[in-house]
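Participant: Submitted below is the structure of interest, expressed as structure tokens.
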Amino acid sequence: METRRLHLLLELSRLGSMGAVADTHGLTTSTVSQQIAALSKETGAQLIEPDGRRVRLTPAGRRLADHAVTILAAVDGARLDLDPDAEPSGTLRVGGFATGIRTSLLPLLADLNRTHPGIDVVLSEYEPSEAFALLNDDELDLALTYDYDLVPAAPGALLETVPLWSTPWALGVPDDAPDGPIDIAMYAETPWIVNSRNTADEIAVRTLASLAGFTPRIAHAIDSLDLVEDLITAGYGVGLLPAQRPTREGVKVVPLAGRTLVLRAYAVTRRGRSTWSPLRLLLDQLTSAESDITLRW
């Protein structure tokens, strides 16, 4: 059973059409079809069936695609781990949210550059959904991501996560508002500010509001926490902020009565890749540094 054919089947299960798989891999649709047909012959099972003008995986095809995740991860792991005793070297493509990079990664890089000069770390800022997609497309080696306990992330079968740290979030309000714990229903008629790049923030707001019996009026979508504070100070609304983050004059962060919201940070890789020596080294350093984390927003 050729791993290339398994990979095309897995891509078909993810992308949904032969044409999309062909475009992604620079192949013709006919070539993809022939490879899937050859895989079907190898396995002795019908893997696809017509679905209008397209095709879809049969139950046997879906089962084989599930197996392909494990098989391809094992092959990747074997390839990357051929020389586990070699000095870690190579380019590590790391992407993630700003606080994760600032808090978890940057404190390690100076020492990593000194002890392992053969490792080159390339950094990019992404929100979790963007990072998951890039990991799936093998355009990142490591992602630093986050979710909220009320809105768990779903990275997908190709990815594996390692918890790093967590921190409480609360409600950012004008500094003349009552001190907490505060009933979120007090702000049922107030405009709300959410993240412009990650829907988890809005889902968390809507979940908290639903539990309190109202539907929030989402008025502003902002990526910068500093700008969120500017809007709160100017009276344009309220929004979720890190509970331990120092705020500017005019804003305070108050806990919610009877509710908690926790942001959880993770290191995420493709399955089978964490045995690659540079990545393994960085993952080990990230997890061992967890107890020394000082959050810097």
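The values are calculated or read from the model by the stated rules, or taken from the named source; none is laboratory data. Here the structure is a predicted model, which is why all the values come from computation and not from measurement. Note that we place each Cβ from the backbone using ideal geometry, even for glycine, and neighbour counts take in every protein chain shown.
Participant: Does any residue of the stretch 42-51 turn out to be free of Cβ contacts under 8 Å to residues at least 24 places away in the same chain and surrounded by 13 or more Cβ atoms within 10 Å (Cβ to Cβ)?
Facilitator: Yes - at least one qualifying residue is present in the stretch 42-51.
Participant: Separate question: Listed residues Val238, Val251, Val228; which is at pLDDT 95 or above, over 28 Å from the mean Cα position of the chain (by Cα) and assigned by TED's automatic domain parsing to the domain that holds Ala204?
Facilitator: Selected residue: Val251, the only one of Val238, Val251, Val228 that is at pLDDT 95 or above, over 28 Å from the mean Cα position of the chain (by Cα) and assigned by TED's automatic domain parsing to the domain that holds Ala204.
Participant: Among (1) modelled with pLDDT of 90 or more; (2) surrounded by fewer than 16 Cβ atoms within 10 Å (Cβ to Cβ); (3) within 17 Å of Asp284 (Cβ to Cβ), which single condition is Gly90 missing?
Facilitator: Only one criterion in (1) modelled with pLDDT of 90 or more; (2) surrounded by fewer than 16 Cβ atoms within 10 Å (Cβ to Cβ); (3) within 17 Å of Asp284 (Cβ to Cβ) is unmet by Gly90, namely (1).
Participant: Within the stretch 9-16, does at least one residue satisfy the condition of being in contact (Cβ under 8 Å) with a residue 12 or more places away in the chain and hydroxyl-bearing (Ser, Thr, Tyr)?
Facilitator: There is at least one residue in the stretch 9-16 that is in contact (Cβ under 8 Å) with a residue 12 or more places away in the chain and hydroxyl-bearing (Ser, Thr, Tyr).
Participant: Looking at Ala131, Ala177, Ala154, which is the one that is modelled with pLDDT under 95 and under 30 Å from Asp76 (Cβ atoms)?
Facilitator: So the residue among Ala131, Ala177, Ala154 that is modelled with pLDDT under 95 and under 30 Å from Asp76 (Cβ atoms) is Ala154.
Participant: Follow-up question, since we're still on this one. Scanning the stretch 119-140 for residues that are of a type in the set (Asp, Glu) and touching a Phe, Trp or Tyr at 6+ places or on another chain (Cβ under 8 Å), which turns out nearest to Gly95 (Cα to Cα)?
Facilitator: Glu125
Participant: Could you check the stretch 12-34 and list, in sequence order, the residues that are under 13 Å from Val55 (Cβ atoms) and surrounded by 14 or more Cβ atoms within 10 Å (Cβ to Cβ)?
Facilitator: Within the stretch 12-34, Leu12, Ser13, Leu15, Gly16, Ser17, Met18, Ala20, Val21, Ala22, Thr29, Val32, Ser33 meet the criteria.
Participant: Listed residues Ala221, Ala188, Ala209; which is over 30 Å from Asp76 (Cβ atoms) and touching a Pro at 6+ places or on another chain (Cβ under 7 Å)?
Facilitator: Checking each option against the conditions leaves just Ala209.
Residues checked against (1) at pLDDT 95 or above; (2) exposed (fewer than 13 other Cβ atoms within 10 Å of the Cβ); (3) over 17 Å from the mean Cα position of the chain (by Cα); (4) closer than 17 Å to Leu158 by Cα:
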| residue | (1), (2), (3), (4) |
| --- | --- |
| Arg62 | no, no, yes, yes |
| Ala68 | no, no, yes, yes |
| Ile71 | no, no, yes, yes |
| Ala74 | no, no, yes, yes |
| Thr99 | no, no, no, no |
| Pro107 | no, no, yes, no |
| Pro117 | no, yes, yes, no |
| Leu123 | yes, no, no, no |
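Participant: Another question, if that's okay. Please work out which residue is surrounded by the most Cβ atoms within 10 Å (Cβ to Cβ), limiting yourself to the stretch 181-240 and to residues that are among the aromatic types (Phe, Trp, Tyr) and part of a loop (DSSP other than H, G, I, E, B).
Facilitator: Quick first cut of the stretch 181-240, residues among the aromatic types (Phe, Trp, Tyr) only: 187, 192, 214, 236.
After this cut, where a residue has to be part of a loop (DSSP other than H, G, I, E, B) as well, the list is 214, 236.
Values: Phe214: 14, Tyr236: 16.
Taking the candidates together, the pick is Tyr236.
Participant: Something else now. Which residue, of Ala154, Ala143, is in contact with a Pro (Cβ under 9 Å, 6 or more places away or on another chain) and either farther than 27 Å from Gly250 by Cα or surrounded by 21 or more Cβ atoms within 10 Å (Cβ to Cβ) (or both)?
Facilitator: Values: Ala154 fails: in contact with a Pro (Cβ under 9 Å, 6 or more places away or on another chain).
It is Ala143.
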